[in-house]
Every structure is written in structure tokens, then in C-alpha cells.
1. Among the candidates PRO131, PRO160, which residue alone is out of contact with any Phe, Trp or Tyr (no Cβ under 8 Å at 6 or more places or on another chain) and closer than 22 Å to ALA64 by Cβ?
2. Can you give me the number of residues within region 1-58 that are part of a loop (DSSP other than H, G, I, E, B), small (Gly, Ala, Ser) and touching a Phe, Trp or Tyr at 6+ places or on another chain (Cβ under 6 Å)?
3. Among the residues that make up region 136-153, is at least one of them out of contact with any Ser or Thr (no Cβ under 8 Å at 6 or more places or on another chain), outside any helix (DSSP H, G or I) and of a type in the set (Gly, Ala, Ser)?
4. Considering only region 1-52, state which residues are of a type in the set (D, E, K, R) and touching a strand residue (DSSP E or B) at 6+ places or on another chain (Cβ under 6 Å).
5. On the basis of being out of contact with any Pro (no Cβ under 6 Å at 6 or more places or on another chain), over 22 Å from GLY16 (Cα atoms) and not in a strand (DSSP E or B), does ALA99 make the cut?
6. Among the residues of region 134-184, what is the count of those that are surrounded by fewer than 16 Cβ atoms within 10 Å (Cβ to Cβ) and in contact with a Lys or Arg (Cβ under 6 Å, 6 or more places away or on another chain)?
7. Output the residue which, of all residues in region 110-122 that are touching a strand residue (DSSP E or B) at 6+ places or on another chain (Cβ under 9 Å) and surrounded by fewer than 23 Cβ atoms within 10 Å (Cβ to Cβ), is farthest from LYS59 (Cα to Cα).
8. So LEU128 fits all but one of (1) under 25 Å from ALA165 (Cα atoms); (2) part of a strand (DSSP E or B); (3) touching a Ser or Thr at 6+ places or on another chain (Cβ under 9 Å); what number is the exception?
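Computed from the coordinates by the stated procedures, all read-outs in this text should not be read as laboratory data. Note that the structure is predicted; figures quoted are calculated from it, not measured. Here the Cβ is made from the backbone with ideal geometry for all residues, glycine too, and neighbour counts use every protein chain on show.
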Amino acid sequence: MSVDHHRILLGSANPGKLKEYREILDGLDLELVAPNDLDRVPPEPAEDAPTFEENARHKARAYALASGLQTIADDSGLEVYALRGAPGVRSRRFFGEDASAEDRNARLLAMLSGVEDRSARFVCVTALASPDGHVELFEGEVHGEIAKMPRGEGGFGYDPVFVIAGDGRTMAELSPEEKHRVSHRGLAGAKLRARLAAGQRA
């Protein structure tokens with residue numbers, strides 16, 4: 001089966017992720033499409049593995065096999081050391097499947113009320129899968145701490161409550177260009193971009 005390396009699927013229904021990956025990969029000779037852009041929408045794979053790596057690998061491989069397209073998928077999350085690494089791989093679902101980003105941030109801040117050690121890190125593992133099952137992984141992480149209150153209008157998810165180490169701003173206070181240079185997804189995405197660019201030159 002021939003693989004269309006120009007058209008790449010992003011295995012996610014998250015519009016924030018799609019926007020960020022399109023910005024990170026801007027300028028490459030490819031079209032990044034979402035599952036809903038396809039004639040037949042592939043089923044969304046379960047995210048029930050215990051690690052970011054396993055979830056990213058499983059999602060990318062499942063979408064690639066179902067669509068016949070080279071596929072990018074990631075698993076990412078926030079690890080708060082005072083909470084023993086929670087919310088971790090369950091970052092989106094930790095406070096309930098239907099919780100909004102605002103709800104999640106408010107409940108996280110409530111859990112940390114009175115806690116002095118607010119250190120945390122964002123982790124992202126991005127997978128690139130081919131329909132033949134081959135998968136490559138790219139990782140990124142950024143360290144910081146949890147703010148006392150949300151700040152900033154950019155980004156999504158936990159970005160408004162994550163203060164970047166050495167910067168003082170939350171992830172949501174950065175411009176998209178600044179965020180892609182320092183964020184967990186931006187760092188993993190830069191490695192992915194280099195891999196895709198090398199493939200196009202080959």
C-alpha cells in the first residue's frame with residue numbers, strides 16, 4: 001500500500017492541539033488534517049495505558065491503520081510533585097470526563113491550597129506512525145510551578161496555571177511563537193518537524 005506522505009493525520013479531536021501542530025509544522029510541504037476532515041472518521045482509540053509513551057504510540061498506530069495515512073498523535077499532561085505526579089496521564093479526565101478547562105484549573109488550585117511546594121512539569125510524547133505499524137517517538141518536557149491563580153488568555157488546558165521556570169509567566173501568557181519555543185509540545189514538535197523535514201529532503 002502506498003502512503004501519502006503529503007497528507008498527514010493528526011489523531012486528535014482537540015482543536016487546541018490541531019492549531020498548535022499546524023503552527024509548529026508550518027512551512028513544511030504537507031497538509032495536516034483532523035479525523036473529522038476524512039470521508040470516513042476513524043474511531044477514537046482509548047487512552048487507558050499507564051504511560052504517555054504507550055498512549056501516544058497506541059493512538060498514532062490505531063489512527064494510521066484505520067485511515068491509511070501517516071499519523072501524528074500525542075499524549076501529554078501535567079505532573080504536580082506534591083500530588084505524587086497527578087493529574088499525570090489522566091490530566092484531561094482527572095476531574096471528570098465532562099469537566100471544563102476552567103473547572104479543572106479551579107479544582108487543581110483548590111487541591112493545592114496551603115501547599116508550599118508547587119513544583120510541576122508538563123510532559124509531551126508525540127508519536128509518528130505509518131500504516132504499516134512503524135512508530136517513532138519524540139519527547140519534550142518543561143519544568144515550572146503551579147500559580148496561585150489563573151493568568152493569561154492564550155493556550156488551553158492547564159496553561160493558565162502553569163508558571164514556566166525562569167520566566168515568571170504562565171504558559172497562557174506567552175505568544176504562540178514563544179510558547180512553541182519552550183513548551184513540552186513545542187519541544188517534542190520541533191523534533192518531529194526535523195524528522196519530517198529530513199524525510200522530505202530524502
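1. None of the other options fit; the residue is PRO131.
2. Matching residues across region 1-58 total 1.
3. no
4. Correct list: ARG7, ARG22, GLU31.
5. Against the criterion (out of contact with any Pro (no Cβ under 6 Å at 6 or more places or on another chain), over 22 Å from GLY16 (Cα atoms) and not in a strand (DSSP E or B)), ALA99 does not qualify.
6. The qualifying residues number 1.
7. Result: VAL115.
8. (1)
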